[in-house]
Amino acid sequence: MRFDIITLFPEIFSGYLTQSLLNKAIEASLVEIFVHDLRKWSTDLKHHKIDDRPFGGGPGMLICVEPVVRCVEDVQKMSPLEGIVVLLTPQGQRLDQPLVEQLSSHSRYLVLCGRYEGFDQRVLDILNPMELSIGDYVLNGGEVAAMVLVDATIRMIPGVLGDEQSSVDDSFSRGNRILEFPQYTRPREFRGLAVPEVLLNGNHEAIAAWRATESLRRTAERRSDLLPPAQSQ
Ligand code: ADE
């Protein structure tokens, strides 16, 4: 899977890209990530400005249409595989696990990170991007949202998680709508808090039953909206 991330702040991604899981996925050629500095497509050769004041007035600055459209056209040509253009914005469709799973079936994305007051409307009219939001709050830009998108999506690629880890059991994976049960490791007791006895006796049926009950209890307590109506009271 290939991501081409288009941003005004490429350096934000450098720490994330060297993070171990992602780095391993890149080294194993399961994931490719290219970060492109939008300023390189500025029409202002002197100051590399890419934003301007909105017509009609109003606060803040907008990212201009020309550099974005030219950048996306050039970046598309960098691989023969046509990329789906994604624009991260609080106005987009909310990203959730079913959508992440759907997205993981395509092999290339061009990810546009917004800043300031957003983009000139003609960016949307011309590129017709898939607009995605990571939640109902406003970030200072799309970069953090882009990392969320990449992070959640690459976990779905076979081989990215080691054998010891699996996305199948994740809370929201493959139609799962239940939270995870509590887990414990050594020591058996800390500050008077003991590991539940059932986990120590090797009875796998009893352990599975306890975990199922705890998952359900947790979900009912914290996220009753995930349960079918009959189970949520
Ligand atoms: N940019 C600013 N806020 C955002 C959000 N909530 N989701 C995606 N991109 C954003």
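The values are calculated or read from the model by the stated rules, or taken from the named source; none is laboratory data. Quick caveat: nothing in here was measured; it's all calculated off a predicted structure. Please note: Cβ atoms are built from the backbone with ideal geometry, for glycine as well, and neighbour counts cover all protein chains shown. All accessible areas refer to the heavy atoms of the entire protein, side chains included, with ligands and DNA or RNA removed. Shrake-Rupley method; radii C 1.70, N 1.55, O 1.52, S 1.80 Å.
Keeping the other protein chains in place, figure out the carbon and sulfur percent of the accessible area of segment 2-154, with a 1.4 Å probe. Working shown, then result.
Working: 4300 of 8120 Å².
Roughly 53 percent of what the probe reaches on segment 2-154 is carbon or sulfur.
Neighbours of GLY118 by Cβ distance under 11 Å: Lys/Arg scored +1, Asp/Glu scored -1, total -3.
Solvent-accessible area of segment 177-226 (1.4 angstrom probe, protein heavy atoms only): carbon and sulfur portion equals 49 percent. The trypsin sites (Lys or Arg not before Pro) of segment 1-107 that DSSP puts in a loop, and whose beta carbon has at most 10 other beta carbons within 10 Å, are LYS46, LYS77.
Accessible area per residue of the chain at 1.4 Å probe, in Å²? Mind showing how you got there, number by number?
Details: 14160 Å² over 233 residues.
Normalised by residue count, the accessible surface of the chain is 61 Å².
How much FRET efficiency would the formula 1/(1 + (r/R0)^6) give for GLU82 and GLU117, where r is the Cβ-Cβ distance and R0 is 25 Å, rounded to 0.05? The calculated FRET efficiency here is 0.25.
In whole percent, what relative contact order does the chain give with Cα contacts below 8 Å and a gap of six or more residues?
Details: 327 pairs, mean separation 43.9, N = 233.
Across the chain, relative contact order equals 19 percent.
Multiplying the residue separation of ARG53 and ILE126 by 0.36 nm and subtracting their alpha-carbon distance yields 24.3 nm. Extension gain for ARG188 to LEU45 (0.36 nm times residue separation, less C-alpha to C-alpha distance): 45.0 nm.
Gain on full extension, evaluated as 0.36 nm per residue between LEU21 and LEU216 minus their Cα-Cα distance, stands at 67.2 nm. Amide H contacts of VAL111: ASP4, ILE5, ILE6, VAL86, each under 5 Å away and 5 or more positions distant or on a separate chain (H built 1.01 Å from N in the peptide plane; Pro and chain starts excluded).
Within 10 Å, at most 12 other Cβ atoms, and a DSSP state outside H, G, I, E, B define an exposed site. Report the longest part of the chain free of exposed chymotrypsin sites (Phe, Trp or Tyr not before Pro). Present the calculation step by step, with values, prior to reporting the outcome.
Values: sites that count: PHE55, TYR137.
No qualifying site falls inside 138-233, the longest such stretch.
Among the GluC sites (Glu not before Pro) found in segment 133-192, those both in a DSSP coil and sparsely packed, with 12 or fewer other Cβ atoms within 10 Å of their Cβ, are GLU164.
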